[in-house]
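What follows is a short report on a single structure.
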Amino acid sequence: MTSYRLDSGGLVNRSYALTFSFDGKSFKGLDGDTVASALLANDQMLMGRSFKYHRPRGPVTAGSSEPNALVTIGSGARNEPNVRATVAELYAGLTAVSQNRWPSLSFDMGSVNSLLSPLLGAGFYYKTFMWPAKFWEWVYEPVIRRAAGLGKMVMEADPDRYEKSWAHCDLLVVGAGPAGLMAALTAARSGVRVILADEGFRFGGSLLSENLNIGGVSAADYATGLIAELASLPNVTLMPRTTVFGWYDDMVFGAVERVQKHVASPSPDLAVERLWRIVAKRAILASGAEERPLVFGGNDKPGVMTAGAVRTYLNRYSVAVGSKVAVFTNGGSGYRTAADLAARGVEIAAIVDARAASEDVVPAGVRVIRNGAVVATKGRKRIDGLVVERAGFQEEISCDALAMAGGWSPIVHLMCQRGQKPVWSEEKQAFMAPDVGSAFVAAGSAAGTDTVSAALRDGAAKASAFARDLGFAAYEANIPDVEGEYDASFAPLWYVPGAKDKAFVDFQNDVHVSDLGIAQREAFRHIEHTKRYTTAGMATDQGKLGNVNTIGIVAGMRGVSPAEIGTTTFRPFYTPVSFGALAGASRGEHAAPTRTSPLHGWAKKNGATFVEAGLWYRSSWFPKEGEKTWRDSVDREVRNVRENAGLCDVSTLGKIEIFGANAGEFLDRIYSNGFLKLPVGKARYGLMLREDGMVFDDGTTSRLGPNHYVLTTTTAYATEVMTHLEFASQTLWPDLDVCFTSVSDQWAQMSLAGPKARAIMSRIVEDDISDAAFPFLAARTVTLRGGLAARLFRISFSGELAYELAVPAGYGEAVADAIMEAGREDGICAYGVEALNVLRVEKGFVTHSEIDGRATADDLGYGKMMGMNKPDFIGKHLSTRFGLTAADRLQLVGLKPIEADKEFKAGAHLLKENAAPSMASDQGFVSSVCYSPTLGHYIGLAMLKSGRERIGERIIVWDGLRNSEVPAEVCAPVFVDPGNTKLNV
Amino acid sequence: MASLISCPHCGTRPKEEFSIRGAVVARPQPGAKEDAWYRYVFIRDNPKGRYQEYWHHAAGCRRFLVVDRDNLTHEVFAVTDATEFAKNAEVAR
Amino acid sequence: MALTLLHRHVLDDHISGFETNANPNHLSVFRRPVIFSVLAKVGQERAVGAALEAAADIAVRTCAPGEWLAVSQTSGSETVAGQLSAIVDASSVDQSDGKVLLTVSGPSVRKILAKCVAVDLHPDAFADGHSTNMLIGHVTGNLARTGADRFEIIVPRSFAGSVFEELMEMGREFALTAAFAGD
Ligand SMILES: [Zn+2]
């Protein structure tokens, strides 16, 4: 037995054993364990294989910076790779599997890479896999991926729920160790709204791991007291299992809460992870400090871990990591670990101190080797000894674990995420938090304090200052005496010379000291280049443990201070965040909102096939029994509209209600054509331009009263037009007396078109709608039979006699039903947007297929709608600029195939007859195409160079994508009823 | 993840509620020369640093705001309703 | 021939009526509230706002400077239209069919809404009676506090189904129930 659970002590619940499995083998742990502590309690030190060389690895930390002990937890669709065993909370039924090994953890074929290691140094991939380029796809990448991948993804859909939430506070405290707890409590007692977040499942930080007496109780009990008081305060939100991973603009912090990652079967009513955006007026970073590994030969073997981790396993989890533990240290932490172990009856093999002398207390009977250096470790899957060098002599020391203490680095990641770099301190021999302004400060060991009592005082002082700053009466905290502190100071030691084996700086990416040397020799000297060339700091742990050693070693190689080398760039996320959490609930039906028309139910009843148009669901066509293709339905709908009548849902058009004495003037400046003289009770088709002279949108606007208009937009541009009007009224002409609001959702709007439209509409509307009483372009409020007020517009998008009827949305379905009923004897049908499109192409009406941002009014044949004698309208001034009036501009024309059975598609280009099919001879393009059941062949609208002069010309419709060339005749863009005889009846 | 803009009408809101609508440039008088229109529509300084942009509070009050901010550091110096901004600019002129 | 026209609420398809008892956290949908958009003439925003506040039986929801929603659960639309047309320098338009009004209430209401809105709803920051437009999930709507643990949401009709489903999803953790008010 080498590592084992002690009989007593620790913060684990011995009356609550948990069964779990690792690599298929069943183990027992305790409530309060992590996966790593439970495995160590079962003497399972080997937990994974390294990334490149597949070296055996065990945990090196007891926290979130862990580079080695990565396991896959869960099974099936809940399989989660790369979970750090050192923070994964143990639960009954947990299944963990080791990674990066084949066929088994103990015997791994990939470890032959270790023998090839002279070939696998820094830059190996860049140098080896340069050519031939096509080998990347077929050979190199699959092989490298198989050999070098970490955990495996599953391809099943994630069965769990995720969500996002906002939180707001006066003070966010990140980290619930001594400084964080005291800061939170001090602020909370002043009445400040506090959020305290900690990545662990139990608050307390180092208070849970250190053997101290605070105010007469153990450190852990002291923490429990602080937490209990915090929990009792209404202005405090405690967020355990929550990693604050990012600091963003305007004091917004990103955090991920693991709501149900510690249960075997998550409740379906709860998210498993919750992504928080925390808006804080002030923040305190109390994230503690990271103990540095020492860089010596064989420092990566299972059994070698930081001295602080050894204490955490001992004091918090009651696990001795070995039965004979050696210590390698450059400061007080190593001695403290030896003392704690010795007090629990664990044999200490020796303390190897890199320094010549120190004041640290040596446990009774323990040998100290001063000026010593570990140069190699013995054993493979677990160390069984060390080679120690002192004064040129080597000695082997037997042990089954090694605690290494390399000094401390404040964890300042979060404060460096918005561009500021950490600052090197010669005094602390560490990178310290930068000054990021007065709203966000570090406290406790994150700010460089050496003792728990200093951390408590620092947390309290910084919280009081913030409370005062925010206008609260500051509460003066009473900090009790802390007994049993040790001197955490250290002498810097970046690299232990004389290594007999690889000395790793980045455990996860297998980067060792000589890789850093290669990078310097090959001129990748900037630390950002060194990082990318060697991959140091690029693994999933982002170099939390190794980066500072990398910097120190590079500084040593170059003979400069670490300050001169500087750090690489810190970015979110502090620890990995799942895509599930980032997406939150926004997936599946919640990915985007959908909009349904008030006539959706009517369309459904009539058997509509729906199409997504932006966020809308629009009825596309209405298949009838016996119709085999969509074309069968659309052709029938078109014919029926031309012969009888059809009803179409046009509710999705944007509708804007405009009021004010200057409303007409405003519209006159918005539209290119005139609106000042539009009579009350009339609708007018209007063209809106952009300021650059191109057409922006079109639609009809009706004058309902002297100072009252309703404007319609296309479905696609409803929001853009609203924004355009707001821009114009707020920034261009704020003095005009005009105001408006969207009424798009108020009205169900339907178009009744066809020769029998009037007969049918007369059965619905009480008012006289004869041609004399209600002529083309009439627009007024009418009364439906039964009394409902509605708006009726005589406008047509099909060339047929047509009405658009708008009724309050809630009545839409009932009114549409009534119209269908009233039109039954006249053969009415429902028609969808596909038929609508055919009807408008047959008449040459444009949509955004033609209004594509490149077309002027004149290009579309609407030159007469340019009210050039108006003093001003949007788009007027640049509409005459050079290029927009050129003779060879693309102009709207019609196209019909020379051979009636030929088809062409929108997007095809136009060529002169006999011209080579290339873009060099391009004459324009086809914008809209449909089959015209009225004419019995395909027709198209196209934008053609000088098109209007070329009516009658034969042209080639060249479709390079489908490799077809179809001869066509250029014609006027009106295919049906050019004299509008059907409209004015 | 987020940044916040304080709308003078609605309060502090996440950037998702806004739509950035480009530099604040005064529209020329109707009789202005084509060159002035050309500059108004097409030419922008695109500086790195302090910049005045229209932010439309699309998911709030739907007012156009002038956000005076450093586009490098995202330090916001002022947020003003565009109508008010135009009036102030006129007074200053 | 007089038409008999049935009025449909857009959430009829979403609320089954299956849940009979309201839980402590509950979403209530109002079938036929009267809702008007009210717009002030430029420069008269303050006067119109004051007149609106003084109108009987009308709750005022702020949308923007010079734009409000006038909401009434008790008056008919003609009454409200009459009251509004009496306000000098104001224009108004009926939106009763274009907007959907619902209330969410209960002890966990702020936790539910925190998953949908970015605005701080702490009573110190968002007092009773306060209302403003904001992004609610993916959709722009108006949110008002109408009690210690009660908020009113007004959203466009075409988006109401999505907003409703989103709120119910976010309320699942707190056993949020939903029903039409008075059903
Ligand atoms: Zn706003």
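The values are calculated or read from the model by the stated rules, or taken from the named source; none is laboratory data. Please read these numbers as outputs of a predicted model, since none were measured by experiment. Cβ sites come from the backbone with ideal geometry, for glycine too, and all protein chains shown count toward neighbours. Accessible surface is based on the protein model in full, side chains and every heavy atom, while ligands, DNA and RNA are left aside. Shrake-Rupley method; radii C 1.70, N 1.55, O 1.52, S 1.80 Å.
Restricting attention to segment A:746-770, which residues are assigned to a loop (DSSP other than H, G, I, E, B), open to solvent by 10 Å² or more (accessible area, probe 1.4 Å) and either facing chain C (nearest Cβ under 10 Å) or in contact (Cβ under 8 Å) with a residue 40 or more places away in the chain (or both)?
As a first pass, look at segment A:746-770 and keep what is assigned to a loop (DSSP other than H, G, I, E, B): A:746, A:754-756, A:763-764, A:766-770.
Of the ones still in play, those that are also open to solvent by 10 Å² or more (accessible area, probe 1.4 Å) are A:755-756, A:763, A:766-768, A:770.
Of everything in segment A:746-770, those that are assigned to a loop (DSSP other than H, G, I, E, B), open to solvent by 10 Å² or more (accessible area, probe 1.4 Å) and either facing chain C (nearest Cβ under 10 Å) or in contact (Cβ under 8 Å) with a residue 40 or more places away in the chain (or both) turn out to be A:Pro755, A:Lys756, A:Arg763, A:Glu766.
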How about segment A:156-243: which strands (runs of 3 or more DSSP E) wholly inside it have at least 3 residues that are buried (at least 24 other Cβ atoms within 10 Å of the Cβ)? A:162-174, A:194-197
When (1) within 16 Å of the ligand (Cβ to nearest atom); (2) assigned to a loop (DSSP other than H, G, I, E, B) are applied to B:Thr80, the one that fails is (2)
Go through segment B:34-48 residue by residue and tally those that are within 12 Å of chain A (Cβ to nearest Cβ) and of a type in the set (Asp, Glu). 2
Name the pairs: first residue in segment A:658-678 and within 15 Å of A:Pro734 (Cβ to Cβ), second residue charged (D, E, K, R) and part of a loop (DSSP other than H, G, I, E, B), Cβ to Cβ under 7 Å, at least 6 apart or on different chains? A:Gly660/A:Asp737; A:Gly660/C:Lys41; A:Ala661/A:Asp737; A:Asn662/A:Asp737; A:Arg669/A:Asp872
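Inspect all residues belonging to segment A:788-803 and state whether any of them is more than 29 Å from C:Ser85 (Cα to Cα), outside any loop (DSSP other than H, G, I, E, B), in contact (Cβ under 8 Å) with a residue 24 or more places away in the chain and aliphatic (A, V, I, L, M). Lay out the reasoning, then the answer.
At the first step, the residues of segment A:788-803 found to be more than 29 Å from C:Ser85 (Cα to Cα) are A:795-803.
This time we only want the ones that are outside any loop (DSSP other than H, G, I, E, B), so: A:802-803.
Subset that is in contact (Cβ under 8 Å) with a residue 24 or more places away in the chain: A:802-803.
Narrowing the set further to residues that are aliphatic (A, V, I, L, M) leaves A:802.
Yes: segment A:788-803 contains one or more residues that are more than 29 Å from C:Ser85 (Cα to Cα), outside any loop (DSSP other than H, G, I, E, B), in contact (Cβ under 8 Å) with a residue 24 or more places away in the chain and aliphatic (A, V, I, L, M).
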Taking the criterion of being aromatic (Phe, Trp, Tyr), open to solvent by 20 Å² or more (accessible area, probe 1.4 Å) and farther than 30 Å from C:His7 by Cα, would at least one residue in segment A:726-745 satisfy it? yes
Within the set of pairs 6+ apart or on separate chains, which have a first residue in segment C:57-72 that is more than 9 Å from chain B (Cβ to nearest Cβ), a second that is within 11 Å of the ligand (Cβ to nearest atom), and C-beta atoms under 9 Å apart? C:Arg61/C:Thr132; C:Arg61/C:Asn133; C:Trp68/C:Thr62; C:Leu69/C:Thr62; C:Leu69/C:Cys63
Verdict on B:Arg69 being within 27 Å of A:Glu691 (Cα to Cα) and touching an Asp or Glu at 6+ places or on another chain (Cβ under 7 Å): yes
What are the residue pairs meeting all of these: first residue in segment A:376-400, first residue open to solvent by less than 80 Å² (accessible area, probe 1.4 Å), second residue in a loop (DSSP other than H, G, I, E, B) and of a type in the set (A, V, I, L, M, F, W, C), Cβ atoms under 6 Å, and 6 or more apart or on different chains? A:Thr377/A:Ile383; A:Lys381/A:Leu46; A:Arg382/A:Met45
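Hey, does segment A:526-533 have a residue that's of a type in the set (Lys, Arg), under 29 Å from A:Val441 (Cα atoms) and open to solvent by 60 Å² or more (accessible area, probe 1.4 Å)?
Checked segment A:526-533: no residue is of a type in the set (Lys, Arg), under 29 Å from A:Val441 (Cα atoms) and open to solvent by 60 Å² or more (accessible area, probe 1.4 Å).
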Count, please, the residues in segment A:719-737 that happen to be out of contact with any Asp or Glu (no Cβ under 8 Å at 6 or more places or on another chain), aliphatic (A, V, I, L, M) and more than 7 Å from every other protein chain (Cβ to nearest Cβ). 3
Which of the numbered conditions does B:Asp68 fail, given that it passes all the others? Conditions: (1) at pLDDT 95 or above; (2) facing chain A (nearest Cβ under 9 Å). (2)
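What are the residues in segment A:772-797 that are among the polar types (S, T, N, Q) and more than 14 Å from chain C (Cβ to nearest Cβ), if any?
To start, the set of residues in segment A:772-797 that are among the polar types (S, T, N, Q) comprises A:781, A:783, A:796.
A:Ser796, the sole residue that qualifies.
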One residue is enough: does segment C:73-80 have a residue meeting the conditions surrounded by 23 or more Cβ atoms within 10 Å (Cβ to Cβ), touching a helix residue (DSSP H, G or I) at 6+ places or on another chain (Cβ under 7 Å) and more than 9 Å from every other protein chain (Cβ to nearest Cβ)? no
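Results for (1) away from chain B (no Cβ under 14 Å); (2) aliphatic (A, V, I, L, M); (3) not in a loop (DSSP other than H, G, I, E, B), shown as yes or no for each residue.
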| site | (1), (2), (3) |
| --- | --- |
| C:Ala2 | yes, yes, no |
| C:Leu6 | yes, yes, no |
| C:Asp12 | yes, no, yes |
| C:Ile15 | yes, yes, no |
| C:Pro24 | yes, no, no |
| C:Arg31 | yes, no, no |
| C:Val38 | yes, yes, yes |
| C:Val48 | yes, yes, yes |
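Kindly provide the set of residues from segment C:18-61 that are farther than 27 Å from C:Phe164 by Cα and either out of contact with any strand residue (DSSP E or B) (no Cβ under 8 Å at 6 or more places or on another chain) or among the acidic types (Asp, Glu) (or both), ordered by number.
C:Gly43, C:Glu45, C:Arg46, C:Ala50, C:Glu53, C:Ala54, C:Ala56
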Only one residue in A:Thr569, A:Thr594 is open to solvent by 20 Å² or more (accessible area, probe 1.4 Å) and within 14 Å of chain C (Cβ to nearest Cβ), so which one is that? A:Thr594
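How many residues does segment A:250-304 contain that are of a type in the set (Val, Ile, Thr), in a strand (DSSP E or B) and either open to solvent by 20 Å² or more (accessible area, probe 1.4 Å) or within 27 Å of B:Asp70 (Cα to Cα) (or both)? Don't jump to the end; show me each part of the working.
Going residue by residue through segment A:250-304, those that are of a type in the set (Val, Ile, Thr) are A:252, A:256, A:259, A:263, A:272, A:278-279, A:284, A:295, A:304.
When the remaining residues are screened for being in a strand (DSSP E or B), the result is A:252, A:256, A:278-279, A:284, A:304.
So of that shortlist, the ones also either open to solvent by 20 Å² or more (accessible area, probe 1.4 Å) or within 27 Å of B:Asp70 (Cα to Cα) (or both) come out as A:252, A:278-279, A:284.
Looking only at that region, the number is 4.
Rundown of residues vs (1) surrounded by fewer than 18 Cβ atoms within 10 Å (Cβ to Cβ); (2) outside the structural domain of A:Arg948 (by TED's automatic domain parsing); (3) free of Cβ contacts under 8 Å to residues at least 12 places away in the same chain, yes/no style:
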| position | (1), (2), (3) |
| --- | --- |
| A:Leu860 | no, yes, no |
| A:Gly863 | yes, yes, yes |
| A:Ile874 | no, yes, no |
| A:Ser879 | no, yes, no |
| A:Leu895 | no, no, no |
| A:Ala906 | yes, no, no |
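Out of all the residues in segment B:15-30, which are closer than 14 Å to A:Asp872 by Cβ and within 8 Å of chain A (Cβ to nearest Cβ)? Walk me through it before giving the result.
Residues of segment B:15-30 closer than 14 Å to A:Asp872 by Cβ: B:27-30.
The answer is B:Arg27, B:Pro28, B:Pro30.
Could you pull out the residue among A:Glu800, A:Glu804, A:Glu834, A:Glu825 that is within 14 Å of chain C (Cβ to nearest Cβ) and either of a type in the set (D, E, K, R) or open to solvent by 10 Å² or more (accessible area, probe 1.4 Å) (or both)? Let's see the steps before the verdict.
Values: A:Glu800 fails: within 14 Å of chain C (Cβ to nearest Cβ); A:Glu804 fails: within 14 Å of chain C (Cβ to nearest Cβ); A:Glu834 fails: within 14 Å of chain C (Cβ to nearest Cβ).
After ruling out the rest, the residue left standing is A:Glu825.
Filter segment A:171-196 down to the residues that are among the charged types (D, E, K, R) and touching a Phe, Trp or Tyr at 6+ places or on another chain (Cβ under 8 Å) and list them by number. Don't jump to the end; show me each part of the working.
Residues of segment A:171-196 among the charged types (D, E, K, R): A:189, A:193.
The one that is among the charged types (D, E, K, R) and touching a Phe, Trp or Tyr at 6+ places or on another chain (Cβ under 8 Å): A:Arg189.
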